[in-house]
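The values are calculated or read from the model by the stated rules, or taken from the named source; none is laboratory data. Keep in mind it's a predicted model, so treat the numbers as computed, not measured. When we count neighbours, we look across all protein chains shown, and the Cβ atoms used for this are built from the backbone with ideal geometry, even at glycine. Remember, those area values only see protein heavy atoms, side chains included, never the ligands or the DNA or RNA. Shrake-Rupley method; radii C 1.70, N 1.55, O 1.52, S 1.80 Å.
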Amino acid sequence: MKIVVSLGGSVFGDNSDRIKEFGRVLDTISEKNQLFVVVGGGRLAREYISKARELGASETFCDYIGIAATRMNAMLLISAMKNAAKKVPVDFLDAEELSKLNKAVVMGGTFPGHTTDATAALLAEFIKADLFVNATNIDGVYSDDPRRNKDAVKFDRLSPSQLVEIVAKGSMRAGANVVIDLLAAKIIERSKIKTYVILGEPENLLRALYGEVVGTIIE
Ligand code: UTP
């Protein structure tokens with residue numbers, strides 16, 4: 001299978017034991033699958049972006065700083081993997097070329113204006129992935145933010161258009177912690193990409209790929 005995994009920055013963290021564990025699991029997955037991983041920027045991106053803002057940088061320039069942080073994190077993950085190409089591709093054409101080496105491809109962001117969720121969804125669309133896994137800091141898609149609303153219910157299964165509807169509603173609220181960004185949801189909808197939204201723990205990645213439902217399936 002061709003699989004794209006979006007590993008959110010907050011999920012990836014900056015603890016080397018955890019990164020090692022992700023590396024081990026992703027190496028295992030790449031033994032039998034053509035694997036692409038898109039890594040988020042996490043604390044590194046947040047810290048650098050907020051400093052650049054204080055210094056007067058434009059939002060687009062801040063995005064470029066965020067992208068640089070995601071690529072630094074991608075290099076950390078590559079360091080923790082045995083079967084990943086050493087080069088971090090800067091766009092999708094580059095990523096596809098690199099995958100021909102029969103190695104896992106690990107990258108960060110591409111262009112300003114969105115997060116790595118959208119980068120990963122676009123990559124999944126471009127390479128015609130069989131599966132897109134969004135490993136995030138919540139265990140699936142809920143009707144509302146479960147950290148604010150205790151009546152929020154988790155969906156085991158959604159259609160792509162239901163996902164767009166839920167994400168669009170969530171992003172209207174200031175400070176809402178959206179499970180996947182709207183652009184990513186729209187890409188999933190337009191290309192009907194089979195997607196799992198799961199809690200980003202290393203063993204969960206394996207469980208999801210073995211067909212155990214551990215989050216929300218979108219198809
Ligand atoms: P992230 O994808 O880590 O954003 O990219 P995030 O919202 O902080 O993600 P989580 O919450 O950790 O999952 C970090 C920043 O890099 C820029 C954006 O500014 C983003 O906020 N970026 C990233 C881009 O501009 N383009 C990309 O393709 C990727």
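In table form, for the structure just shown:
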quantity: Test: residue in the range 67-85 that is more than 9 Å from the ligand (Cβ to nearest atom), farther than 21 Å from residue 202 by Cβ and not polar (S, T, N, Q); calculated: yes
quantity: Residue count, the range 126-144 (criterion: more than 14 Å from the ligand (Cβ to nearest atom) and within 19 Å of the chain's Cα centre (by Cα)); calculated: 10
quantity: Set 13, 8: member being closer than 20 Å to residue 122 by Cβ, open to solvent by 10 Å² or more (accessible area, probe 1.4 Å) and modelled with pLDDT under 95; calculated: 8
quantity: Check on residue 81, free of Cβ contacts under 8 Å to residues at least 40 places away in the same chain and aliphatic (A, V, I, L, M); calculated: no
quantity: Candidates 31, 21, 47, filtered to the one that is touching a residue at least 24 places away in the same chain (Cβ under 8 Å), open to solvent by 50 Å² or more (accessible area, probe 1.4 Å) and either within 11 Å of the ligand (Cβ to nearest atom) or out of contact with any helix residue (DSSP H, G or I) (no Cβ under 6 Å at 6 or more places or on another chain) (or both); calculated: 31
quantity: Check on residue 170, over 19 Å from residue 38 (Cβ atoms), open to solvent by less than 30 Å² (accessible area, probe 1.4 Å) and touching a Lys or Arg at 6+ places or on another chain (Cβ under 7 Å); calculated: no
quantity: In the range 86-111, the residues that are within 16 Å of the ligand (Cβ to nearest atom), open to solvent by less than 20 Å² (accessible area, probe 1.4 Å) and in contact (Cβ under 8 Å) with a residue 24 or more places away in the chain; calculated: 95, 105, 106, 107, 108, 109, 110
quantity: Criterion: closer than 22 Å to residue 102 by Cβ and of a type in the set (Gly, Ala, Ser) - qualifying residue of 41, 23, 56; calculated: 23
quantity: Hey, residue 64 within 9 Å of the ligand (Cβ to nearest atom), open to solvent by 80 Å² or more (accessible area, probe 1.4 Å) and out of contact with any strand residue (DSSP E or B) (no Cβ under 6 Å at 6 or more places or on another chain) or not; calculated: yes
quantity: Set 213, 141: member being open to solvent by less than 20 Å² (accessible area, probe 1.4 Å) and β-branched (Val, Ile, Thr); calculated: 141
quantity: Per-region count, the range 103-122, residues assigned to a helix (DSSP H, G or I), of a type in the set (A, V, I, L, M) and out of contact with any Asp or Glu (no Cβ under 9 Å at 6 or more places or on another chain); calculated: 2
